[in-house]
Structures are given as structure tokens and as C-alpha cells.
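Right, one structure below, let's go through it.
The values are calculated or read from the model by the stated rules, or taken from the named source; none is laboratory data. Note that the structure is predicted; figures quoted are calculated from it, not measured. When we count neighbours, we look across all protein chains shown, and the Cβ atoms used for this are built from the backbone with ideal geometry, even at glycine. Just the protein is used for accessible areas: all its heavy atoms, side chains included, with ligands, DNA and RNA removed. Shrake-Rupley method; radii C 1.70, N 1.55, O 1.52, S 1.80 Å.
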Amino acid sequence: MRTVLVFSPHADDAAIFCGGAMARFADEGWRVVLARVTDDRFDSVGLPVAETLRRTAEELHHSAAILGVSEVVELGFVTDCLADTPLGTLRERAVRLLRQYRPHTVMSFDPADRFEDNQDHARVAQAVAEAFWVACFDKHHPQHLAEGLAPHTAAERWYFSRRGADTNHVVDITPQLARKIDAVCAHQTQMRNVVNQVRLQFQAAGRPVPALDHAVAGGDLRPLVQAFVGGAARAIAQEAGWDAACFAEAYRREGTDALEDLI
Ligand SMILES: [Zn+2]
């Protein structure tokens, strides 16, 4: 059985950026392993930290179950603080997971995305990109080898980003779209915080939006999530020139292509 290992800096990133492909891998019989890097302790509106920790963890497991994830790994770093975490510390955790789960494919934010303004996303992307080759070395982190793990790296890296720059791989997620929307909706606590950020931006622009006020105050988030997730997936399919009824996700995929001639 092939394994895909997904690095999600925050609980909701995986469902939002690659939930369709994750569900598709699961449908095709792959083992899907999801690693949440931070604890999301600050990602809520009006809730104390302890309650935020509890809810985001519970919602992560619910979302993962919808997508067919086999195993959730919690690395537990403090959220929104990875810029202050040594890159080597993060990289070691990524190397360990590569050696432990021995994936065929790794999914992560794109280290080449210069527009990324979330340092948790950027740091995890950097750590995973370095771990890809460090995990091959038999002298890096000998404690892993002493524990019985062996050098390993993935055959393919699928990188996602907010702007989808340098896309070279588009995946049809039409059959998985409903599950992707359900999985994103499962992250109620974090989605409400996302909507609150948009609400405050419009407020600063002097344009209060009652629908956003209502959503932050406890209203149904599904119509907003459906419009956002469905709209983004349709736009990617349209850009690829696909049928108007199709939905897709975009990746910058790095595999063995560049080495084929040599081999
Ligand atoms: Zn995130």
C-alpha cells in the first residue's frame, strides 16, 4: 500500500489546500497520514485558549475522518510562532516522519511561494523541502537509525500555495468536492476566525457586511465555505480548460521526471 504524508501547519490547511486530493488518494486505496505541526491555540474568536485547543483538535479528527485519513500525527508546536522555532528542530521532526511512514508522496506548502505571508506555512515548507534530502543521509540524526528507522525519501513532492504559482499538476476532484467542503466545514472554530478576519478588513474599509457579522456570531458557515472552496476549485478547472462541471486542485509537483533521461 502506498502512503501519502501531508504536512499541515495548522489543522485546517490540509482540508482547504489539498483535501480533494487526500480524499482521492484514500479512494484509490492509499494510506493517508496527516501531520498537524502546530496546536492552533490562538485560532478562534472569543474563546479561551484551553477551549480552542480542545475544539481544534476535535475538529481536526472529524475533518480527517471525512477525508479518509488513516492516521493523524500531532507535532504540537505553539501556533503562529514557528518563525521563532529553529529550522533544524522542525526539519528533524519532518525527517523522522519521512523515515517512520516511508511515503511515496509528500504534500506541503510550497517553499518557492514568495507571496506567502504566514510564517508557519513558510517555515514548514522550508523544513519539509530540506527534510526531503536530509532524510536520505545515513549520518543525519543517527538517533533515528538507532531506533530502527532507515534513510528514506519520497518519490514525489506535491506543493500547494495560496496563489498556485508554477502549477504543473492539476488534479480532478469533482467526485471528492462534497467531502472536501464537509471537511473544511468541520473546522468550525478556525473558519469562524477566518471569516472574522475578512469582516474586520471590510469594517476598516468602511463597508460592514451583515452576512459576515452573522457568520462570526454563530451563523451557518456552510454557504460561505461552499462558495469559497467550490469557487476556487472551479476556477482551477476552468483555467486548465476543463469542462464547466469539473472541479480541481493545483500543485507544483516534483518527481523523478528530471532524472528520467539520465536513468
Ligand atoms: Zn495555516
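Here are some notes:
- For segment 26-110, the Stokes-Einstein estimate of translational diffusion at 4 °C and a viscosity of 1.567 mPa s comes to 90 µm²/s, using the Kirkwood hydrodynamic radius over alpha-carbon pairs.
- Inter-label distance, nm, simple model (7 Å from Cα along the C-beta direction), GLU71/ASP27: 2.5
- The trypsin sites (Lys or Arg not before Pro) of segment 23-132 meeting both criteria, a DSSP state outside H, G, I, E and B (loop) and at most 15 other C-beta atoms within 10 angstrom of the site's C-beta, are ARG114.
- Tilt relative to the chain, helix 177-186 - C-alpha long axis, 0 to 90 degrees, to 10: 80
- Whole-percent carbon and sulfur share, accessible surface of the chain, 1.4 Å: 53
- Per-residue accessible area (protein heavy atoms, 1.4 Å probe) orders GLU74, GLU59 as GLU74, GLU59, starting from the largest.
- Principal-axis tilt of helix 119-134 within the chain, Cα atoms, nearest 10 degrees: 20
- Between helix 87-101 and the chain there is an angle of about 70 degrees, using the helix long axis and the longest principal axis of the Cα atoms.
- Taking GluC sites (Glu not before Pro) across segment 107-164, the ones in a DSSP loop with at most 16 further Cβ atoms lying within 10 angstrom of their Cβ are GLU147.
- Residues of the chain: accessible area per residue with a 1.4 Å probe, Å²: 47
- Tail beyond 31 Å, pair distance distribution of the chain (Cα, percent): 24
- Per-bin percent of Cα-Cα distances, segment 62-199 [5 Å]: 2, 9, 14, 18, 21, 19, 10, 5, 2, 0, 0
- Fully extending the segment from ALA57 to ALA146 would add 28.9 nm, taking 0.36 nm per residue of separation and subtracting the current Cα-Cα distance.
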